Amino acid sequence: MTVTFVGHGYVGLVTAAVFADFGNTVYVVGHTEEKIEKLKKGIIPIYEPGLEELVKKNVTAKRLIFTLDFKESVSKSDIVFIAVGTPPTKTGDADLSTVLQVAEQIAQNIKGYTVVATKSTVPTGTNKKVRRILEEYKPKGTEVDYASVPEFLREGSAISDTVHPDRIVIGTESKRAQDLLVKFHSPINAPLVLTNFDTAELIKYAANSFLAMKISYANSIAKLSELLGADALKVLEGIGADKRIGNMFLSPGPGYGGSCFPKDVKALISIAKDNDYSFSLLEDVENINQQAKRDIVRKARRMLGDLRGKKIGILGLAYKANTDDMRDAPAIDIINLLQNDGAKITAYDPKAVENASQIFKNVTYAKDAYSVTDDADLLIVLTEWNEFVELDFSVIKRRMKNPNVIDGRNLYPAEKLRKAGFNYIGIGR
Ligand code: UGA
């Protein structure tokens, strides 16, 4: 099949590369010449394991074609996916301006019968606006059907999530569009959830908000465990073994971040409000997430007292491991709060330093994980990078001024570090 993806962020680029690898001809449309020229050379703007190789392989095989031209791509395509960003507005709603603008450009360039499918996360009801635009701008004699095909890939494991998803959701009212989309996804072995537009759009927000809720629940259990002297990790292991609950997304930490959970929880609260429903459960999910970040700072104050002039080393800046993404990373709020208290911050992250340096002022970046600990009064771990797991704490103890550790991801054996003379605090233990 020939298809087009409009947008080359995580969703657009990864999905396009995977489906090109399945043997389709895939166009990826962008709007910045410089970025498209780089992509043509296989230079990708994000860090995602395996993506550069996959893009290069399929560009060389001429199955993956980057372009600025809607006409060249859309007119040849059976399916056109909208995969552009929907960043939050000031009020927490999703900003749909780019989605609606590209819908118009797509409509003007379709030829024959085309399915236009949204992959971007858009509020329930957006399909009506997109469909209106498609019908209004499509050339005479052409036919267009619309579908919502939400994406569930995670950064850091995006390729494997796309090839082995837990389900494929296809929302459309057209049998012809449904059949075409089912055929397109046929190389993937996953259950199909076939439904209408509105339901498909809501599934995406409901899934992300539910996962965010699990994390806030784990963070609340961690908080309570600290107050009761219980071990949160055992509590969560104990509940996660129940198949009805499941053990994934129950790791307490410094709060969820990234470009999806914070935005999508806010958006679902806002969608509910617009429909006269107060989704108070999700308001708590958000508040607990803010508390999780403040709690790290509270622990630092408890360990060091006055933070003025104290040297704090931060291990990990990205919102999670295996990505260079700093969007809504817990490190942002945490470092800002520590700096407001007068702490001096040195940080290290294997991939996110370039993005972080555009956000933080007065942060010193260390060349490796050990250098972060030099003369530090406190070490705080914020991202669960594998390379942090194997650090030699006897070396760290010699390099630190005071052996204080806040393990924001519960990476280390608490008792072992305490025995080695560290003042160690994890999350919920
Ligand atoms: C999330 C969803 O997991 C994807 O299914 C979805 O497609 C994507 O959003 C999206 O909407 O595009 P992502 O944001 O890439 O994916 O990353 P996650 O692995 O879900 O992690 C999100 C945040 O939750 C991270 O800050 C992570 O550290 C945190 N987290 C995750 C925890 O604190 N504890 C956990 O147990 C799991």
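A few points about this structure:
- Within the range 238-252, considering residues that are at negative phi and small (Gly, Ala, Ser), the one nearest to the ligand (Cβ to nearest atom): 251
- Restricting attention to the range 232-289, the residues that are of a type outside the set (D, E, K, R), more than 14 Å from residue 219 (Cα to Cα) and in contact (Cβ under 8 Å) with a residue 24 or more places away in the chain total 13.
- Annotation: of all residues in the range 161-181 being in contact (Cβ under 8 Å) with a residue 60 or more places away in the chain and within 16 Å of the ligand (Cβ to nearest atom), the one that is surrounded by the most Cβ atoms within 10 Å (Cβ to Cβ) is 162.
- Members of the range 307-359 found to be touching an Asp or Glu at 6+ places or on another chain (Cβ under 9 Å), more than 20 Å from residue 404 (Cβ to Cβ) and polar (S, T, N, Q), listed by number: 322, 323, 355
- Scanning the range 14-42 for residues that are open to solvent by 10 Å² or more (accessible area, probe 1.4 Å) and part of a helix (DSSP H, G or I) gives 21, 33, 34, 35, 37, 38, 40.
- Total residues in the range 233-248, condition aliphatic (A, V, I, L, M) and over 25 Å from the mean Cα position of the chain (by Cα): 3
- Scan of the range 296-310 for residues that are charged (D, E, K, R) and surrounded by fewer than 21 Cβ atoms within 10 Å (Cβ to Cβ), ordered by number: 298, 299, 301, 302, 306, 308
- A single member of 133, 188 is within 30 Å of residue 244 (Cα to Cα) and modelled with pLDDT of 95 or more, and it is 188.
- Restricting 115, 122 to residues that are part of a strand (DSSP E or B) and surrounded by 15 or more Cβ atoms within 10 Å (Cβ to Cβ) narrows the list to 115.
- Residue in the range 109-117 that is touching a residue at least 12 places away in the same chain (Cβ under 8 Å) and touching a Gly at 6+ places or on another chain (Cβ under 7 Å) present: no
- Residue check, residue 226 surrounded by fewer than 20 Cβ atoms within 10 Å (Cβ to Cβ), more than 15 Å from the ligand (Cβ to nearest atom) and in contact (Cβ under 8 Å) with a residue 60 or more places away in the chain: yes
- The listed residue being open to solvent by less than 40 Å² (accessible area, probe 1.4 Å), aromatic (Phe, Trp, Tyr) and closer than 24 Å to residue 10 by Cα, out of 152, 210, 184: 184
- Elements of type helices (runs of 4 or more DSSP H) contained in the range 325-385, each with 3 or more residues being within 19 Å of residue 256 (Cα to Cα) and β-branched (Val, Ile, Thr): 330-340
- Test for residue 76: is it assigned by TED's automatic domain parsing to the domain that holds residue 135, basic (Lys, Arg), part of a helix (DSSP H, G or I) and at pLDDT 95 or above: no
- Residue among 397, 320, 361 that is modelled with pLDDT under 95 and either under 29 Å from residue 265 (Cβ atoms) or assigned by TED's automatic domain parsing to the domain that holds residue 256 (or both): 361
- When the range 83-120 is filtered for residues that are among the hydroxyl-bearing types (Ser, Thr, Tyr) and out of contact with any strand residue (DSSP E or B) (no Cβ under 7 Å at 6 or more places or on another chain), the ones remaining, listed by number, are 89, 91, 97, 98.
- If you filter the range 393-429 down to residues that are among the basic types (Lys, Arg) and part of a loop (DSSP other than H, G, I, E, B), you find that the one that is most open to solvent (accessible area, probe 1.4 Å) is 401.
The values are calculated or read from the model by the stated rules, or taken from the named source; none is laboratory data. For clarity, every value in this text was computed on a predicted model and none was experimentally measured. Methodologically, a virtual Cβ is constructed for each residue, glycine included, from the backbone with ideal geometry; neighbour enumeration extends over all protein chains shown. Side chains included, ligands, DNA and RNA excluded: accessible areas come from the protein's heavy atoms. Shrake-Rupley method; radii C 1.70, N 1.55, O 1.52, S 1.80 Å.
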